[in-house]
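I have placed the structure first, in the form of structure tokens, so that the comments after it can refer back to it.
The values are calculated or read from the model by the stated rules, or taken from the named source; none is laboratory data. Given the structure is predicted, the values throughout are model-derived calculations rather than measurements. Positions of Cβ are backbone-derived with ideal geometry, glycine not excepted, and every protein chain shown enters the neighbour counts.
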């Protein structure tokens with residue numbers, strides 16, 4: 001009976017390790033330097049009317065507004081999490097730690113700040129809602 005237990009223990013360990021490897025592979029988490037598991041992202045559009053700016057979850061500006069190309073967008077407290085909007089006013093930031101974060105829109109928009117909720121594996125759109133996930 002003891003010899004059977006001795007044989008079954010290594011088999012059980014191999015099975016458990018195999019299950020863990022399979023779950024990690026299915027989740028898309030590689031554990032490498034470019035791994036994005038455990039982080040979220042933020043995207044949106046910045047529009048201006050020439051005097052003020054807004055952050056939107058829509059690519060269509062409201063009446064009287066146009067894309068704020070070149071606006072600096074960052075996550076406060078994370079110097080590496082910074083970008084500028086493209087010609088359409090769109091920004092995208094990834095590898096943001098989950099939780100409440102402050103999205104700051106700087107020049108040429110002054111210093112607008114929005115509190116956004118970042119959820120691991122999801123993209124927070126504009127000033128608030130999330131999409132995606134795995």
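Just a few scattered comments:
- Residue check for residue 97: in the same structural domain as residue 47 (by TED's automatic domain parsing), under 14 Å from the mean Cα position of the chain (by Cα), in contact (Cβ under 8 Å) with a residue 24 or more places away in the chain and surrounded by fewer than 16 Cβ atoms within 10 Å (Cβ to Cβ): yes
- Strands (runs of 3 or more DSSP E) within segment 57-134 that include 2 or more residues touching a strand residue (DSSP E or B) at 6+ places or on another chain (Cβ under 9 Å) and modelled with pLDDT of 90 or more: 72-75, 82-84, 90-96, 99-105, 112-118, 122-125
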